[in-house]
Amino acid sequence: MYISQILSYLDSLSIEYTFEGNESHSILSVQSIKKASQEQFCYLAQKKLVKQLAESRAGLLISNKKFCDGNTSRIDNLLWVKNPHYVFAKIMQLFYTQEPSQQRISDDSSISKCAIVEDNVLIHSDVKVGKNTIIRSGAILHSGVEIGDDCIIGNQVVIHKDCIVGNEVIIETGAVIGGDGFGWAFENERWHKIPQIGRVRIGDRVSIGNNVCIDRGAIDDTVIEEDVIIDNLVHVAHNVVIGKGSAIAAQAGFAGSTKLGQFNMVAGQAGFAGHIETADQCQFHAKSGVTHSIKNAGVYAGFPAYDARKWQRNTVKSQKIEELAKQIKQMQQTIDALRESEAESS
């Protein structure tokens with residue numbers, strides 16, 4: 001698609017913009033700022049990401065001049081708008097549309113003769129299923145899905161377009177792999193959906209519990225590395241990376257672009273803010289609120305999460321606050337009485 005076609009589309013939406021560059025330049029797809037090539041577009045909507053422009057070779061940048069501070073010398077085509085997040089959402093809608101549903105096992109899928117496919121399974125085009133893999137009834141595999149050998153895909157599991165599942169993976173009933181991430185842009189008092197075009201990549205020997213939701217990446221992939229175990233009702237948002245050998249208990253949640261280190265242990269209902277990283281060999285107690293990056297291995301608890309031993313000591317102390325308050329009040333009364341006595345004697 002030529003940039004001129006993109007600009008015409010923005011004109012049809014009455015979006016104000018300023019373009020600098022070559023309208024006849026061809027754009028084929030989207031990519032993140034660092035990875036974008038001359039055939040791809042990207043967007044920048046936060047000033048803190050401006051350093052990434054130094055590594056970008058994007059064919060088109062969508063942004064607001066106030067975010068860029070003149071750091072766009074490597075990019076030839078610049079689209080300046082008031083709300084780049086919103087404009088990015090609309091251009092993504094132009095490039096990427098939903099595929100039509102299919103109600104059969106597609107003829108061009110590659111299903112191993114050693115695989116077991118139960119009744120009422122829907123398999124779309126270009127799906128690959130390895131040997132000795134079991135697909136339970138009610139599962140849906142969208143186009144381009146690849147599943148390795150010796151896997152078990154449970155009842156009512158949905159694996160969306162182009163997602164990749166390694167070998168010896170277990171996905172329990174009702175899990176959704178590669179559903180759309182929570183990508184929206186706000187403009188004119190309404191929300192506009194940003195198509196999510198990344199994938200989910202699941203490594204070997206991963207176990208995923210019942211009703212787990214792992215969202216596809218916005219542009220880059222969401223990644224579950226090998227030997228990870230995930231309990232029921234866990235949510236993994238777009239572009240999250242779960243490190244090798246990690247264990248995640250029920251109802252934990254990971255906001256977008258969190259990177260969990262290798263061999264992390266996450267207890268139930270722990271929550272992770274977006275765009276943070278944890279070191280390898282970390283443990284997080286139940287209901288921990290991880291709001292910032294964790295740079296050192298250790299055990300963490302509380303909200304915001306910090307060293308668990310300190311948290312435990314402070315928790316014990318906090319339970320004695322009422323008692324301490326009474327003691328302080330009694331001491332103050334004693335001091336006041338002594339002062340009154342001194343004043344009377346003088």
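For segment 122-135, 3J(HN,Hα) computed residue by residue from phi via the Karplus equation (6.51, -1.76, 1.60; θ = phi - 60°) reads 10, 10, 7, 6, 6, 7, 10, 10, x, 5, 6, 7, 10, 10 Hz, glycine and proline entered as x.
The shape of segment 1-71 comes out oblate: with a ≥ b ≥ c from the C-alpha gyration tensor, a/c is at least 1.5 while a/b does not beat b/c.
Restricting segment 99-188 to chymotrypsin sites (Phe, Trp or Tyr not before Pro) that sit in a DSSP loop and have at most 16 other Cβ atoms within 10 Å of their own Cβ leaves Phe182. When the alpha carbon gyration tensor of segment 155-268 is reduced to an equivalent ellipsoid, its three semi-axes come out at 23, 15, 13 angstrom, largest first. Between Gln93 and Asp336, the contour length at 0.36 nm per residue exceeds the Cα-Cα span by 80.2 nm. Stretching the chain fully between Ala54 and Phe186 yields a gain of 44.7 nm (0.36 nm per residue, less the alpha carbon separation). Determine the shape class of the chain: with a ≥ b ≥ c the square roots of the Cα gyration tensor eigenvalues, call it rounded for a/c under 1.5, and otherwise prolate if a/b is greater than b/c, oblate otherwise. Oblate, since a/c reaches 1.5 and b/c is not below a/b.
Within segment 114-176, the percentage of alpha carbon pairs spaced more than 17 angstrom apart rounds to 25%. What a 1.4 Å probe finds exposed on the chain is 49% carbon and sulfur by accessible area, rounded to a whole percent. Between the amide H of Cys282 and those of Asn264, Met265, Gly298, distances stay under 5 Å, these residues lying 5 or more places away or on another chain, with hydrogens modeled in the peptide plane. Does segment 1-121 come out rounded, prolate or oblate, given a ≥ b ≥ c as the square roots of the eigenvalues of its C-alpha gyration tensor, rounded meaning a/c under 1.5 and, failing that, prolate meaning a/b above b/c? It is prolate, given that a/c is not under 1.5 and a/b is the larger ratio.
Would you calculate, for the chain, the mean residue ellipticity at 222 nm contributed by helices, counting each DSSP H stretch of 4 or more residues as -39,500 (n - 2.57) and dividing by all residues, to the nearest 500? Calculated from helices alone, the mean residue ellipticity at 222 nm is -5500 deg cm²/dmol. FRET efficiency for the Lys66 to Ala325 pair, using the beta carbon distance and R₀ = 51 Å, is estimated at 0.55. Between Ile229 and Ser14, the modelled label-to-label distance comes to 5.8 nm, taking each label 7 Å out from Cα in the direction of the beta carbon.
For the Cα trace of segment 273-346, dividing Rg by the Kirkwood Rh returns an Rg/Rh value of 1.39.
Considering only Leu60, Leu324, Leu233, the Gaussian network model of the chain with Cα springs below 10 Å gives its largest mean-square fluctuation to Leu324. Computed from the C-beta positions of Lys82 and Lys295, the FRET efficiency with R₀ = 41 Å rounds to 0.65. As an equivalent ellipsoid, segment 74-147 spans semi-axes of 39, 14, 10 angstrom, where each value is the square root of five times an eigenvalue of the C-alpha gyration tensor, largest first. Pop the C-beta distance of Lys317 and Lys287 into the FRET formula with R0 = 25 Å and round what comes out to the nearest 0.05. After rounding to 0.05, the efficiency reads 0.85. Computed log10 I(q)/I(0) for segment 192-346 at 0.12, 0.20 Å⁻¹: -0.56, -1.16, from the Debye equation with unit scatterers placed on every C-alpha and solvent omitted.
The values are calculated or read from the model by the stated rules, or taken from the named source; none is laboratory data. Treat the numbers as computed from the prediction; the structure is a model and nothing was measured. Using ideal geometry, Cβ is built from the backbone for each residue, glycine included, and neighbour counts are taken over all protein chains shown. Heavy atoms of the whole protein, side chains included, go into the accessibility calculation; ligands, DNA and RNA do not. Shrake-Rupley method; radii C 1.70, N 1.55, O 1.52, S 1.80 Å.
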